[in-house]
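Only one structure is covered here, and it is reproduced in the block below.
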Amino acid sequence: MGLGVQPVGVVPAVTADTPAGAAPARPESTGGDRVIGHGGPARFLALQWLASPQPYLMLIGYALFLGSWYLSVEVLKLPRFAEMPGLTTVLREWVSTDPTYGLSIHTPIYYQHILVSLRRIAIAFVLATALGVPTGLLLGWSRRFRDYVFPIFEALRPIPILAWVPLAIIMFKGSETPVVFLTTLASFFATALNTMLGVRAIDRTHVLAAECLGASPWQVFRHVVVPAALPYIFTGLEISIGVAWFSLVAAEMVSGQFGLGYVINTSYTTVEYPNIVIGMLTLGVVGYATSAAVRLAGNRLMAWRKRDLALVGGG
Amino acid sequence: MTAPSPARGAICIRDAVKIHGTDSAGVAAVESCSFDVAAGEICMIVGPSGCGKTTLLNAIAGFHGLEGGSIHLDGRLLCGPGQPKAPIGPDRIVVFQNGALFPWKTNLENVAFGPIVQGRLGRKAALEKARGLMAEAGLRGCEDNYPGETSSGVRRRVEIVRALMNEPVVLLLDEPYRALDSLTKSVMHEALLDMYYRNRVTIIFITHDLEEAIFLGHRVVIMTSRPCRPKKLLEVDIPHPRDYAVVTSRRYRELVHETAEAVHEEALKAFDLGEREAAEGGRFAA
Amino acid sequence: MTDVSLSSQAAAARFFWVPKGVFTEGGRRALIAYLVVLIVWQLGSTSEDWLGTKLPVLGNVPSPASVIRVWAALIHDPSYWMSWAMSMLRVLEGFSAAVLLGVPFGLLMATNPVARGICLPVFELLRPIPPLAWVPAAIIFWPTQELSIASVIFLGAFYTMVINVVGGARALDARFVQVAGSMGGSRWNIFRRIVLPAVLPSIFVGMEVGIGITWEVVVAAEMISGGGGGRAGGGLGFFIWNSYVGGSYPQIIVGMISIGIAGSLSSAAIRALEPVCAPWLKAR
């Protein structure tokens, strides 16, 4: 319950229909093949993608979406959309050097808001990971630890993060700490839970094999449990960063100064509507960037997964 | 591989009993099972699926204990009265059915794993030795690949080399070639024999394939269906070293002929047992 | 990451700690854990009294004794149960709408590559924006407050449903479809008898995750929008916020626990539904 298990999502549309990727490494040979020629598999994939209907459908989708927004607000001037900021208004504001409502890519305060939010996310994410991964590993591996700790964990997890806001304000002094606390809490649950699942999902034969080969329990933990759980841990981290943004925005909207959530909320109360959309779009971009960063880090740490024959050309 | 070590690895199983589950609802997987494995020989255990042969193997490896009876290794008690469960250790290494190479380590790192964690060799020395062993086994070229990038046949061989790297007293193979096609399997058999001839480790090999058993083994133990106990013992008197031409020899065919009926009888019993259990237990039995 | 994320979602969503009884070892340990937490909580929250100084974080928290006292009184208060009813109603409405629209839409996207090619990129573009960020835009757009809240609630769960359904359908083993086709199944039949049942687990995972998001948004919306007359306002989120503003701190905790219970109940309800709709999954 709660936000612990927000879906990471499906393979993004760009590659969803690409035919099974580059030729897998031929077995028994030395590593990669030079089957594709200069540029390698990446260029090959890119060309294939361009030749498929994917990019054009994508353009149609964006066009429909942006087009309907533009039409309904600025051209047709539909009554329901009377007060909504139009597409051109928002875009013009965003890139202007002297924005009417004070927020654009040329104003320093814009970046201040972004940095404040990013800083809070960074602190919360690092804290949540540092606490959540070990907790999750222990929860998964030690029956005793699980028996004592999991009941409390599961009792607290269903409580929506925002329900903690008043308590957080009471508990902590100042306006910054509660916000970071809430974000950390949400991320912590997601990380710990997914890590625990990762440990429980480990193939027991790997553990037995390591023991047969003479590994002590600590060595088993280090050489088998942690690497085997790593994919799940990273899924948890991707979920956790999404959850962190969710909670941060909510917390910023309710309390706190500065930050993208704060921008969105106050732009509404001060009737600076284009800024709402600017805030939302910025949130989207920054949120995506952080998720991508986590995903990239995961891919680097788990190079062996990318090269797995079973995954290439499959899902 | 170094010179063949002195013959060791004699296993003595006496009246082994293993019951899965709690007493009243327990199912005996192994009952009154007694047989011997001589040091340095290849002993094949043949039986239908689910008969309990893996359970026996797991008891020797120490993955679980016995409810009754005993197992001795070279005269030393492994498990039995006073010590219900054998310790898990690199003297009895298992090669698993579905493969247990660590996907996050390269083949080379997998092979070198044992000595490194046991502290017997430093990392560099272990990797070097592993490289040598893999070359000897004809696996040169795939050392730096991950198991996921290599074919299943190669993976099986790497796993066996990983085990042999630790100079185990007994090598326990649990249907290692079950998932391979028969063409690959024949190559695997010769590769296994090749490795065996180099160091004469005692091998206990579980299979459901009678022909594989007779080709590889010095002795074939045919198990009954669950609960398993030896139904028939066969001494394969075809001389080692063997190669694949043996399969066409008359003596081989005779041995198969002698034992096929016994095996088939047990297979039918196991099938019936399986059907009955599915009907009783499952809501969606086939 | 599709394979890991979907299966771990499924396992996570199903992870419901059920106390197996006080007399098992696990049950005993859980009891000890609860007692320790309660004792630490009680001591920390009343630290000003017996220690002289207030402990930094815990000292500000209302004590469990006061929480229990207040809750006992609230049970007789009809407005407390009204809050329950209002929140649950909102959750039910928003969630059902999201499921009823999200599942077909997700299936459409999964089975029709053209629809997918057009819609999914836009989806992915908007996905990083948290549902709550849509609240001001929704308030501007919709005439009533209740509608704006409902639309945001809908949005959050809708997204989840669609993504899970698409993921589940894409993961369908192509061979099932091939077998059905070779046995002469029409497209509709294949859809109805093969695709739909195979996607059912993902639908349930989506539901279990989606209900969590729904509760988050409902509570947030109730807290932000405050109490209004009639339909708008009220609910457990508002109850918590009001308690904070009004200075009755133990009530905050009562509200938090109440929401936690309500959320767990709804998750359990969905989990109970699954064996009814997809009995073959029980064998897993």
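Values in this text are rule-based calculations from the coordinates and carry no lab data. Computed from a prediction, not measured in an experiment: that's the story for all the values here. Please note: Cβ atoms are built from the backbone with ideal geometry, for glycine as well, and neighbour counts cover all protein chains shown.
Tabulated data
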read-out	value
Positive-pole candidate from A:Pro134, A:Val285, A:Leu162, dipole of the stretch A:108-306, charges at beta carbon	A:Pro134
Net length gained if the chain between B:Ala262 and B:Asn98 were fully extended (0.36 nm per residue, minus Cα distance)	56.3 nm
Charge dipole (the stretch C:63-283, unit charges on Cβ, about Cα centre) - positive-most of C:Val205, C:Phe191, C:Leu120	C:Phe191
Estimated distance in nm for a label pair at A:Leu64 and C:Val37, the labels positioned 7 Å out from Cα along Cα-to-Cβ	4.7
Selected from C:Cys277, C:Gln145, C:Gly260, residue furthest toward positive end of dipole (chain C; charges at beta carbon)	C:Cys277
Label-point separation in nm, C:Ala65 to C:Ala269, each point 7 Å along Cα→Cβ	3.8
Zone of A:Phe221's modelled label, taken as backbone nitrogen in the stretch A:117-160 under 13 Å from a point 7 Å along Cα→Cβ	A:134-146
Gain in span if fully extended, A:Lys173 to A:Leu156, counting 0.36 nm per residue against the direct Cα distance	3.9 nm
Relative contact order (percent, whole number), the stretch B:104-158, Cα cutoff 8 Å, 6+ residue spacing	45
Simple label model, 7 Å out from Cα along Cβ direction - C:Arg192 to C:Leu172, nm	1.4
All aspartates and glutamates inside 14 Å of B:Lys124 as judged from Cα atoms, apart from same-chain residues fewer than 8 positions distant	B:Glu109
Paramagnetic reach from A:Leu131 (point 7 Å along Cα→Cβ, amide N under 19 Å) across the stretch A:178-221	A:178-197
FRET efficiency, 1/(1 + (r/R0)^6) with R0 56 Å, evaluated for A:Arg204 and A:Leu47 via beta carbons	0.80
Restraint check, B:Lys53/B:Lys185; B:Lys53/B:Lys232; B:Lys18/B:Lys185, Cα-Cα greater than 26 Å	B:Lys18/B:Lys185
Within the protein assembly as shown: Cβ-based charge dipole about Cα centre, in debye rounded to nearest 20 (Lys, Arg +1; Asp, Glu -1)	500
Efficiency of FRET from Cβ geometry, B:Arg253 and B:Arg198, R₀ 30 Å, rounded to 0.05	0.55
Candidates C:Tyr244, C:Tyr80, C:Tyr34, ranked by Gaussian network fluctuation over chain C, Cα under 10 Å, top entry	C:Tyr34
Average beta carbon contacts from partner chains per residue of A:194-200, 10 Å cutoff	3
Length gained when the stretch B:Ala125-B:Ala179 is fully extended (0.36 nm per residue, less Cα-Cα span)	16.1 nm
Summed residue charge, Cβ within 9 Å of B:Ala59's Cβ, Lys/Arg positive, Asp/Glu negative	+2
Packing-based exposure ordering (other Cβ within 10 Å, fewest first) of B:Lys105, A:Lys173	A:Lys173, B:Lys105
Fluctuation leader among C:Glu146, C:Glu48, C:Glu93 - chain C, Gaussian network, Cα springs under 10 angstrom	C:Glu48
Alpha-carbon Rg/Rh ratio, for chain C, with Rh computed the Kirkwood way	1.05
Partners for B:Lys231 among aspartates and glutamates (Cα-Cα distance below 15 Å; same-chain residues under 8 apart left out)	B:Asp15, B:Glu31, B:Asp36, B:Glu258, B:Glu261, B:Glu265, B:Glu266
